[in-house]
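A.B. asks: First the structure, then my questions, so here it is.
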Amino acid sequence: MKSEDSVQLTIELTGIAKDIAGQKEIQIILEPHQTYHDVVEKLSALYPDLVNILIAPDKKTFLSSNLFIINDEMNDPVFLMEKHPRDGDRLTLLSVMTGG
């Protein structure tokens, strides 16, 4: 349950993340001091199968070519994981899986 001093986020899962999680969207709640590292850590705890596929073994960062887009703004992706998400943000987890 959300309290006045918490940050509620909606995370949209796409591609393989959606397949692994079995759902398209989840809600998580953070404390205001928490960062995008903490978001990734929560995802790795909820969906351990994402580790080594989208999430790095440290469970706090993404493997290359995976990122969050904030509020559907393609020109404002999360590259600095030390930043703090804002209450009500919608994060879309994009996975750029390439093959050849």
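The values are calculated or read from the model by the stated rules, or taken from the named source; none is laboratory data. Just so you know, these numbers come straight off a predicted model, no measurement behind them. Here the Cβ positions follow ideal geometry from the backbone for every residue, glycine too, while neighbour counts run over all protein chains shown.
A.B. asks: I'm checking my understanding of the structure. Among residues of segment 43-100 that are of a type in the set (Ser, Thr, Tyr) and over 22 Å from HIS33 (Cβ atoms), which one is modelled with the lowest pLDDT?
C.D. replies: The selected residue is THR98.
A.B. asks: Look through segment 57-92, keep the residues that are aromatic (Phe, Trp, Tyr) and under 15 Å from LEU43 (Cβ atoms), and return whichever of them is surrounded by the fewest Cβ atoms within 10 Å (Cβ to Cβ).
C.D. replies: Here the answer is PHE62.
A.B. asks: Residues of segment 1-56 being touching a residue at least 60 places away in the same chain (Cβ under 8 Å), surrounded by fewer than 17 Cβ atoms within 10 Å (Cβ to Cβ) and not hydrophobic (A, V, I, L, M, F, W, C), which ones?
C.D. replies: The answer is SER6, GLN8, THR10, THR14, GLY15.
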